[in-house]
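Please treat every number below as a calculation from the coordinates, not as lab data. Owing to the predicted nature of the structure, the values given are computational and were not obtained by experimental measurement. So basically every Cβ, Gly included, is an ideal-geometry build from the backbone, and we count neighbours across all protein chains shown.
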Amino acid sequence: MMVFLSLSARILLNVEALNMVESVGNFIRHRRAPVAVPTGGGFTLKYVPVISGESLAHSYQELIADMAVKSAIKVCDNCRAGYFIKHSGDEVLEDWAKNAIKEGEVAFEKAVIQNCVVEDVGGFLYAGRRPVKRTSRFQVGYMIPALDAITSTAVEAQFHVRYARSPEEQSIYNVEVGSAIYTFAFNLDVDGIGVLSSSKIEPAVGKEERLKRIEIAIKSLNTMLSNALFGARRSRFMPSWKVLNAVAVVSHQIPINAEPPHTKEYIISTLKKVKLSKEFLSKGNVKIDENVWMGYYKSAYEELPELKEVEEAEDLTKLISRALDQVVKLIT
Ligand SMILES: [Zn+2]
């Protein structure tokens, strides 16, 4: 049994300051990273605006914590407050966690999972005398500009003045803003939610509770993506944004990733990979009956190659909702 959800999307973000790294005097810089860009025959290195995976993971876990509180699923105090230091060392352990660590690694992981859905889904690393590690059940990486639209990417400093009564009191500041078609990729190891990982692989919570936690993980993804609720500086630099298109894949038995959305062919490439993977897995002496659902969403902003065999959702929320239906069907 292995249920895996993978989603890729192209997102237009204009005039965003979602991930800033430092201020030098009155100059606030946008995060940048080197990216190898194909140039027809070779590659060239470009420094482009990016949004880090840590930043996305922070927002996602905040949304999980919030939804959990509203649906009476347990979250620890630090995660509830948005401090994701998690159960990393003795100095942050609550009484229940102190008792659990005395009983060993398995008991500790179980107690943390039961008491905090954020650490159940997002993992933790206890670096005490007997380290306990739980790998995150979701994976995100840097949002980088789509390679086919990299020439339409820019970072530019915007001049601002904080107005005051006397000119001496006025302050000048510059904020770098980025504009690009960003790529977004997200994976969720559905099977691992609510399940121990240390030495015994068995459920840490009841079946009903596990289903609720899976639902929270997928609904939080939708809240984050369909409302662009990620990144910082949204109070005055809320970007002008649009999810251009997205593809979701739910695979059962062997995980299959949605292709990275660097070109508009990514949905077709995902479909091809799904077909070939199914065929490959079904042949030979080890025959695996791979079960895959795939759906996509497209806005009017970007024309995509025609897709006949894939289910089209009328909007992004509908796409994620369909993916959740498939996951629930496979789990129950
Ligand atoms: Zn927690």
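Provide the descending list of Cα extents for the chain along its principal axes, expressed in whole angstroms.
66, 55, 37
With 10 angstrom as the radius, rank ASP77, ASP315 by how many other C-beta atoms surround their C-beta, starting from the fewest.
Working: ASP77 11, ASP315 14.
With the fewest neighbours first, ASP77, ASP315 line up as ASP77, ASP315.
If you take the Cα Rg of the range 264-332 and divide it by 2.2 N^0.38 Å, with N the number of residues, what do you get?
For the range 264-332, the normalised Cα radius of gyration comes out at 1.30.
Sequence gap at least 6, Cα distance under 8 Å: using those rules, report the relative contact order of the chain to the nearest whole percent.
27 percent
For the range 59-189, compute Rg over Rh where Rg is the Cα radius of gyration and Rh is the Kirkwood radius from the inverse mean 1/r over Cα pairs.
For the range 59-189, the value is 1.18.
If you take all C-alpha pairs in the range 186-293, what percent of them are over 17 Å apart?
That tail contains 69 percent of the Cα-Cα pairs.
Cross-link list LYS98/LYS133; LYS110/LYS207; LYS264/LYS318; LYS272/LYS318; LYS74/LYS102: which exceed 19 angstrom alpha carbon to alpha carbon?
Details: LYS98/LYS133 16 Å; LYS110/LYS207 15 Å; LYS264/LYS318 21 Å; LYS272/LYS318 23 Å; LYS74/LYS102 22 Å.
Distance filter (> 19 Å) returns LYS264/LYS318; LYS272/LYS318; LYS74/LYS102.
When a footprinting reagent is the concern and you count Cβ atoms within 10 Å, what order do TRP96, TRP293 take, fewest first? Display every interim value, and only then the final one.
On the way: TRP96 13, TRP293 20.
In increasing order of surrounding Cβ atoms, one gets TRP96, TRP293.
Determine one quarter of the surface area of the Cα convex hull of the range 20-91, which equals its mean projected area, and express it in nm² to one decimal.
Details: hull surface 35.9 nm².
The directionally averaged projection comes out at 9.0 nm².
At a temperature of 20 °C and a viscosity of 1.002 mPa s, determine how fast the range 274-313 diffuses translationally according to Stokes-Einstein, using the Kirkwood radius over alpha-carbon pairs as Rh; express D in µm²/s, rounded to the nearest whole number.
On the way: Rh = 12.4 Å.
Stokes-Einstein gives a translational diffusion coefficient of 173 µm²/s.
Would you please give the residues with an amide H less than 5 Å from that of VAL75, counting only those at least 5 places away or on a separate chain, with H modeled from the backbone geometry?
The answer is VAL117.
Go ahead and estimate [θ] at 222 nm for the chain from helices alone: -39,500 (n - 2.57) per DSSP H run with n ≥ 4, summed, over the residue count, rounded to 500.
Helix-only estimate at 222 nm: -9500 deg cm²/dmol.
What order do you get for 162-170, 241-249 when each peptide is scored by the mean count of other beta carbon atoms within 10 Å, highest first? Walk me through the numbers before you get to the answer.
On the way: 162-170: 8.4, 241-249: 23.3.
Taking the mean over residues of other Cβ atoms within 10 Å, the ranking is 241-249, 162-170.
What relative contact order, as a whole-number percentage, does the range 148-194 give when Cα pairs under 8 Å and 6 or more residues apart are counted?
In percent, rounded to a whole number, it is 39.
Given an 8 Å cut-off on Cα distances and at least 6 residues of separation, report the relative contact order of the range 128-211 as a percent.
It comes to 33 percent, rounded to a whole number.
Any chance you could check the Cα centroid distance between the range 7-36 and the range 229-243 for me, in angstrom?
Answer, in whole Å: 11.
Show me the ranking of peptides 298-305, 21-28 by mean Cβ neighbours inside 10 Å, starting with the highest.
Top of the packing list down: 298-305, 21-28.
Sorted by packing (mean other beta-carbon atoms within 10 Å per residue), highest first, where do 113-121, 179-187 land?
Working: 113-121: 24.8, 179-187: 22.6.
The peptides rank, most packed first, as 113-121, 179-187.
Please rank LEU229, LEU5, fewest neighbouring Cβ atoms within 10 Å first, as an exposure proxy.
LEU229, LEU5
With helices defined as uninterrupted DSSP H runs, which ones in the chain have an alpha carbon span along their own long axis of at least 18 Å and mean Kyte-Doolittle hydropathy of at least -0.5?
Details: long enough: 53-70 (26 Å, -0.04); 207-226 (28 Å, -0.42); 266-282 (24 Å, 0.23); 316-331 (23 Å, 0.85).
Helix filter hits for the chain: 53-70, 207-226, 266-282, 316-331.
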